[in-house]
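Novice: Let me begin by handing over the structure; questions about it come next.
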Amino acid sequence: MAYLKVENLVKYFGGLAAVNGVSFEVQKGEIFGIIGPNGCGKTTTFNMISGVFPPTSGKVVFSGREIQGMKPHKVCHLGVGRTFQVVKPLGRMSVLDNVIAAAFSRASSIREARAAALSTIEFCGLTAVKDVLAKSLPIAGRKRLEITRAMATQPELLLLDETAAGLNPTELLEAIELIRKIRENGVTVVIIEHIMHLIMTISDRIHAINFGQTIAEGTPAEVAANPQVIEAYLGKDYA
(Lines give C-alpha, C1' and ligand atoms only; values in the text may rest on other atoms or scores of the structure.)
Protein backbone atom coordinates (compact mmCIF):
# COMPACT_ATOMS: atom_id res chain seq x y z
CA MET A 1 0.00 0.00 0.00
CA ALA A 2 1.25 3.48 -0.87
CA TYR A 3 2.19 5.67 2.10
CA LEU A 4 0.64 8.70 0.39
CA LYS A 5 -1.90 8.28 -2.39
CA VAL A 6 -3.28 11.22 -4.36
CA GLU A 7 -6.18 10.07 -6.51
CA ASN A 8 -7.74 12.19 -9.28
CA LEU A 9 -7.39 15.45 -7.39
CA VAL A 10 -9.33 18.37 -8.88
CA LYS A 11 -9.45 21.94 -7.67
CA TYR A 12 -11.54 24.66 -9.28
CA PHE A 13 -11.32 28.35 -8.42
CA GLY A 14 -14.46 29.73 -9.99
CA GLY A 15 -14.39 28.38 -13.53
CA LEU A 16 -10.62 27.78 -13.56
CA ALA A 17 -9.29 24.27 -13.00
CA ALA A 18 -5.99 24.83 -11.17
CA VAL A 19 -5.58 21.06 -10.72
CA ASN A 20 -7.46 18.69 -13.01
CA GLY A 21 -7.09 15.00 -12.24
CA VAL A 22 -3.63 14.65 -10.70
CA SER A 23 -2.82 11.18 -9.31
CA PHE A 24 0.38 9.76 -7.81
CA GLU A 25 1.61 7.44 -5.08
CA VAL A 26 4.52 7.93 -2.71
CA GLN A 27 6.17 5.03 -0.92
CA LYS A 28 7.40 5.29 2.66
CA GLY A 29 11.02 6.44 2.80
CA GLU A 30 11.05 8.00 -0.67
CA ILE A 31 12.11 11.42 -1.78
CA PHE A 32 9.43 12.14 -4.39
CA GLY A 33 9.84 15.19 -6.60
CA ILE A 34 7.11 17.24 -8.26
CA ILE A 35 8.03 19.54 -11.14
CA GLY A 36 6.25 21.73 -13.64
CA PRO A 37 6.16 25.29 -14.97
CA ASN A 38 4.96 28.18 -12.81
CA GLY A 39 1.20 28.11 -12.30
CA CYS A 40 0.76 24.45 -13.25
CA GLY A 41 -0.88 23.42 -9.96
CA LYS A 42 2.00 22.11 -7.84
CA THR A 43 1.45 24.27 -4.76
CA THR A 44 -2.33 23.90 -5.07
CA THR A 45 -1.78 20.14 -4.88
CA PHE A 46 0.27 20.61 -1.69
CA ASN A 47 -2.47 22.85 -0.30
CA MET A 48 -5.05 20.11 -0.82
CA ILE A 49 -2.81 17.46 0.77
CA SER A 50 -2.09 19.63 3.82
CA GLY A 51 -5.66 20.84 4.31
CA VAL A 52 -5.24 24.49 3.27
CA PHE A 53 -7.81 23.96 0.48
CA PRO A 54 -10.45 21.24 0.25
CA PRO A 55 -10.38 19.54 -3.16
CA THR A 56 -13.29 20.00 -5.52
CA SER A 57 -13.09 16.25 -6.01
CA GLY A 58 -10.64 13.40 -5.55
CA LYS A 59 -8.94 11.69 -2.62
CA VAL A 60 -5.82 12.08 -0.50
CA VAL A 61 -4.95 8.96 1.48
CA PHE A 62 -2.13 9.14 4.04
CA SER A 63 -1.03 6.01 5.87
CA GLY A 64 -4.31 4.29 4.96
CA ARG A 65 -6.58 7.16 6.04
CA GLU A 66 -8.46 9.61 3.84
CA ILE A 67 -7.45 13.15 4.82
CA GLN A 68 -8.87 15.34 2.05
CA GLY A 69 -10.92 18.19 3.47
CA MET A 70 -9.44 17.92 6.98
CA LYS A 71 -8.31 21.12 8.71
CA PRO A 72 -4.56 21.82 8.48
CA HIS A 73 -3.91 21.33 12.20
CA LYS A 74 -5.54 17.90 12.08
CA VAL A 75 -3.47 16.90 9.05
CA CYS A 76 -0.39 18.09 10.92
CA HIS A 77 -1.28 16.04 13.99
CA LEU A 78 -1.55 12.95 11.77
CA GLY A 79 2.10 13.45 10.80
CA VAL A 80 2.11 15.64 7.69
CA GLY A 81 4.38 18.68 7.92
CA ARG A 82 5.01 21.29 5.24
CA THR A 83 6.89 24.40 4.28
CA PHE A 84 5.54 27.30 2.26
CA GLN A 85 6.92 28.80 -0.93
CA VAL A 86 6.85 32.32 0.55
CA VAL A 87 8.60 32.10 3.92
CA LYS A 88 7.04 34.22 6.64
CA PRO A 89 8.82 33.65 9.95
CA LEU A 90 7.74 35.49 13.09
CA GLY A 91 10.23 38.25 12.35
CA ARG A 92 10.37 39.95 15.74
CA MET A 93 10.96 36.66 17.52
CA SER A 94 14.19 34.73 17.74
CA VAL A 95 14.90 31.63 15.71
CA LEU A 96 14.46 29.58 18.88
CA ASP A 97 11.09 31.13 19.70
CA ASN A 98 9.90 30.54 16.13
CA VAL A 99 10.70 26.86 16.47
CA ILE A 100 9.22 26.65 19.99
CA ALA A 101 5.95 27.97 18.56
CA ALA A 102 5.96 25.17 15.99
CA ALA A 103 6.89 22.56 18.60
CA PHE A 104 3.73 23.38 20.56
CA SER A 105 1.81 21.44 17.90
CA ARG A 106 3.00 18.38 19.85
CA ALA A 107 4.28 19.63 23.20
CA SER A 108 2.11 20.11 26.27
CA SER A 109 4.44 22.43 28.21
CA ILE A 110 6.97 25.18 27.52
CA ARG A 111 9.76 22.96 28.85
CA GLU A 112 8.83 20.16 26.45
CA ALA A 113 8.46 22.59 23.52
CA ARG A 114 11.82 24.26 24.25
CA ALA A 115 13.62 20.91 24.48
CA ALA A 116 12.06 19.74 21.20
CA ALA A 117 12.92 23.05 19.54
CA LEU A 118 16.56 22.98 20.63
CA SER A 119 16.93 19.40 19.39
CA THR A 120 15.36 20.28 16.03
CA ILE A 121 17.49 23.42 15.68
CA GLU A 122 20.63 21.37 16.26
CA PHE A 123 19.49 18.73 13.75
CA CYS A 124 18.86 21.38 11.09
CA GLY A 125 22.10 23.27 11.72
CA LEU A 126 20.78 26.54 13.17
CA THR A 127 22.26 26.39 16.68
CA ALA A 128 24.72 29.22 15.97
CA VAL A 129 21.85 31.61 15.18
CA LYS A 130 19.19 30.35 17.58
CA ASP A 131 19.07 33.69 19.46
CA VAL A 132 19.06 35.86 16.32
CA LEU A 133 15.83 37.61 15.32
CA ALA A 134 14.23 35.74 12.43
CA LYS A 135 13.88 38.94 10.37
CA SER A 136 17.67 39.35 10.48
CA LEU A 137 18.37 36.05 8.73
CA PRO A 138 19.47 36.03 5.08
CA ILE A 139 17.30 34.13 2.60
CA ALA A 140 19.17 30.86 3.10
CA GLY A 141 18.69 31.11 6.86
CA ARG A 142 15.01 31.86 6.48
CA LYS A 143 14.55 28.90 4.16
CA ARG A 144 16.32 26.64 6.66
CA LEU A 145 14.23 28.06 9.50
CA GLU A 146 11.10 27.22 7.50
CA ILE A 147 12.26 23.60 7.27
CA THR A 148 13.20 23.61 10.96
CA ARG A 149 9.75 24.83 11.98
CA ALA A 150 8.14 22.10 9.88
CA MET A 151 10.43 19.47 11.41
CA ALA A 152 9.50 20.69 14.92
CA THR A 153 5.97 19.39 14.30
CA GLN A 154 7.56 15.89 14.18
CA PRO A 155 6.30 14.91 10.73
CA GLU A 156 6.38 11.47 9.23
CA LEU A 157 5.73 13.00 5.79
CA LEU A 158 7.32 16.36 4.90
CA LEU A 159 6.11 18.52 2.01
CA LEU A 160 8.82 20.95 0.85
CA ASP A 161 7.68 23.78 -1.41
CA GLU A 162 10.62 25.40 -3.25
CA THR A 163 12.93 25.52 -0.23
CA ALA A 164 16.00 26.02 -2.46
CA ALA A 165 14.79 29.10 -4.36
CA GLY A 166 17.27 31.97 -4.08
CA LEU A 167 20.17 29.90 -2.77
CA ASN A 168 23.73 30.18 -4.09
CA PRO A 169 25.63 27.02 -5.16
CA THR A 170 27.16 26.41 -1.72
CA GLU A 171 23.81 26.89 0.02
CA LEU A 172 22.20 24.59 -2.52
CA LEU A 173 24.61 21.78 -1.65
CA GLU A 174 23.85 22.35 2.04
CA ALA A 175 20.11 22.13 1.30
CA ILE A 176 20.61 18.82 -0.53
CA GLU A 177 22.56 17.50 2.45
CA LEU A 178 19.81 18.53 4.89
CA ILE A 179 17.01 16.97 2.82
CA ARG A 180 18.94 13.70 2.63
CA LYS A 181 19.55 13.85 6.37
CA ILE A 182 15.82 14.31 6.97
CA ARG A 183 15.07 11.22 4.88
CA GLU A 184 17.75 9.24 6.70
CA ASN A 185 15.99 10.20 9.93
CA GLY A 186 12.91 8.28 8.78
CA VAL A 187 10.85 11.07 7.20
CA THR A 188 9.30 10.61 3.76
CA VAL A 189 9.78 13.71 1.61
CA VAL A 190 7.73 15.16 -1.23
CA ILE A 191 9.44 18.16 -2.79
CA ILE A 192 8.38 20.82 -5.28
CA GLU A 193 11.36 22.49 -6.90
CA HIS A 194 12.32 24.48 -9.99
CA ILE A 195 16.06 24.02 -9.50
CA MET A 196 16.65 20.96 -11.64
CA HIS A 197 20.06 20.16 -10.17
CA LEU A 198 18.53 19.71 -6.74
CA ILE A 199 15.46 17.72 -7.68
CA MET A 200 17.29 15.50 -10.18
CA THR A 201 20.03 14.82 -7.63
CA ILE A 202 17.93 13.83 -4.63
CA SER A 203 14.65 12.42 -5.97
CA ASP A 204 13.99 8.70 -6.23
CA ARG A 205 11.09 9.41 -8.60
CA ILE A 206 9.66 12.56 -10.18
CA HIS A 207 6.11 13.51 -11.14
CA ALA A 208 5.67 16.21 -13.77
CA ILE A 209 2.58 18.42 -14.04
CA ASN A 210 1.51 20.93 -16.69
CA PHE A 211 -1.76 22.88 -16.89
CA GLY A 212 -2.97 21.06 -13.78
CA GLN A 213 -2.53 17.58 -15.25
CA THR A 214 0.05 14.82 -15.02
CA ILE A 215 2.33 14.63 -18.07
CA ALA A 216 5.05 12.21 -16.88
CA GLU A 217 6.34 10.15 -13.96
CA GLY A 218 9.45 8.05 -13.48
CA THR A 219 13.08 8.17 -12.48
CA PRO A 220 14.87 11.51 -12.86
CA ALA A 221 16.52 10.30 -16.08
CA GLU A 222 13.22 9.11 -17.54
CA VAL A 223 11.41 12.35 -16.76
CA ALA A 224 14.27 14.54 -18.01
CA ALA A 225 14.14 12.74 -21.38
CA ASN A 226 10.34 12.86 -21.71
CA PRO A 227 9.26 14.94 -24.74
CA GLN A 228 6.22 16.39 -22.94
CA VAL A 229 8.39 17.58 -20.08
CA ILE A 230 10.92 19.12 -22.46
CA GLU A 231 8.11 20.87 -24.33
CA ALA A 232 6.57 22.19 -21.11
CA TYR A 233 9.85 23.77 -20.04
CA LEU A 234 11.54 24.70 -23.33
CA GLY A 235 8.82 24.72 -26.01
CA LYS A 236 7.91 22.53 -28.96
CA ASP A 237 11.10 23.31 -30.89
CA TYR A 238 13.13 21.44 -28.23
CA ALA A 239 10.81 18.46 -27.70
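The values are calculated or read from the model by the stated rules, or taken from the named source; none is laboratory data. Being a predicted model, the structure only gives us computed values, none of them experimental. Cβ: placed from backbone, ideal geometry, glycine included. Neighbour counts: every protein chain shown.
Novice: Does at least one position in region 20-32 carry a residue that is in contact with a strand residue (DSSP E or B) (Cβ under 9 Å, 6 or more places away or on another chain), free of Cβ contacts under 8 Å to residues at least 40 places away in the same chain, assigned to a strand (DSSP E or B) and surrounded by 15 or more Cβ atoms within 10 Å (Cβ to Cβ)?
Specialist: yes
Novice: Which of (1) over 17 Å from GLY218 (Cα atoms); (2) in a strand (DSSP E or B); (3) out of contact with any Ser or Thr (no Cβ under 7 Å at 6 or more places or on another chain); (4) at pLDDT 95 or above is the odd one out, the single condition THR45 does not satisfy?
Specialist: Result: THR45 fails condition (2) only.
Okay, residues lined up against (1) in a loop (DSSP other than H, G, I, E, B); (2) of a type in the set (Ser, Thr, Tyr); (3) touching a residue at least 40 places away in the same chain (Cβ under 8 Å); (4) crowded, with 21+ Cβ neighbours inside 10 Å:
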| residue | (1), (2), (3), (4) |
| --- | --- |
| LEU172 | no, no, no, no |
| GLU177 | no, no, no, no |
| ARG183 | no, no, yes, no |
| VAL190 | no, no, yes, yes |
| HIS194 | yes, no, yes, no |
| HIS197 | no, no, no, no |
| THR201 | no, yes, no, no |
| HIS207 | no, no, yes, yes |
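Novice: Same structure, new question: Could you check region 182-205 and list, in sequence order, the residues that are touching an Asp or Glu at 6+ places or on another chain (Cβ under 9 Å) and not aliphatic (A, V, I, L, M)?
Specialist: ARG183, GLY186, THR188, GLU193, HIS194, SER203, ASP204, ARG205
Novice: Okay, moving on. Hey, could you check region 150-176 for residues that are among the charged types (D, E, K, R) and touching a Gly at 6+ places or on another chain (Cβ under 9 Å) and say which is nearest to PHE46 (Cα to Cα)?
Specialist: Here is the first cut: in region 150-176, the ones among the charged types (D, E, K, R) are 156, 161-162, 171, 174.
Applying the additional criterion that residues be touching a Gly at 6+ places or on another chain (Cβ under 9 Å) yields 156, 174.
Values: GLU156: 15, GLU174: 24 Å.
The extreme case among them is GLU156.
Residue-wise test of (1) at pLDDT 95 or above; (2) small (Gly, Ala, Ser); (3) closer than 14 Å to HIS207 by Cβ.
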residue: VAL6; (1), (2), (3): yes, no, yes
residue: VAL10; (1), (2), (3): yes, no, no
residue: PHE24; (1), (2), (3): yes, no, yes
residue: GLY33; (1), (2), (3): yes, yes, yes
residue: GLY39; (1), (2), (3): no, yes, no
residue: VAL60; (1), (2), (3): yes, no, no
residue: GLY79; (1), (2), (3): yes, yes, no
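Novice: Now for a different question. So which residues in region 75-99 are without any contact (Cβ under 8 Å) to a residue 40 or more places away in the chain and within 17 Å of the chain's Cα centre (by Cα), if there are any at all?
Specialist: Just the residues of region 75-99 that are without any contact (Cβ under 8 Å) to a residue 40 or more places away in the chain, to begin with: 75, 77-78, 86, 88, 96-97.
Answer for region 75-99, where residues must be without any contact (Cβ under 8 Å) to a residue 40 or more places away in the chain and within 17 Å of the chain's Cα centre (by Cα): VAL75, HIS77, LEU78, VAL86, LYS88.
Novice: Can you tell me how many residues within region 71-113 are part of a loop (DSSP other than H, G, I, E, B) and either on the phi > 0 side of the Ramachandran plot or out of contact with any Leu (no Cβ under 8 Å at 6 or more places or on another chain) (or both)? Let's see the steps before the verdict.
Specialist: The first filter runs over region 71-113 and keeps only residues part of a loop (DSSP other than H, G, I, E, B), leaving 71, 79, 83-93, 104-109.
Checking which are either on the phi > 0 side of the Ramachandran plot or out of contact with any Leu (no Cβ under 8 Å at 6 or more places or on another chain) (or both) leaves us with 71, 79, 84-86, 88, 90, 104-109.
Of the residues in that region, 13 qualify.
Novice: List the number of the failed condition for ILE230; all other conditions in (1) surrounded by 15 or more Cβ atoms within 10 Å (Cβ to Cβ); (2) of a type in the set (Val, Ile, Thr); (3) under 16 Å from GLY33 (Cα atoms); (4) more than 16 Å from the chain's Cα centre (by Cα) hold.
Specialist: Only one criterion is unmet by ILE230, namely (3).
Novice: Moving on to the next point. Return the total of residues in region 222-239 being in a helix (DSSP H, G or I), modelled with pLDDT of 75 or more and not acidic (Asp, Glu).
Specialist: Filtering region 222-239 for residues in a helix (DSSP H, G or I) gives 222-224, 227-234, 236-238.
In the following step, the residues that additionally are modelled with pLDDT of 75 or more were identified as 222-224, 227-233.
This time we only want the ones that are not acidic (Asp, Glu), so: 223-224, 227-230, 232-233.
The number of residues fulfilling the criteria is 8.
Novice: For region 140-149, indicate whether the set of residues that are touching a residue at least 24 places away in the same chain (Cβ under 8 Å), within 23 Å of ILE35 (Cα to Cα) and in contact with a strand residue (DSSP E or B) (Cβ under 8 Å, 6 or more places away or on another chain) is non-empty.
Specialist: yes
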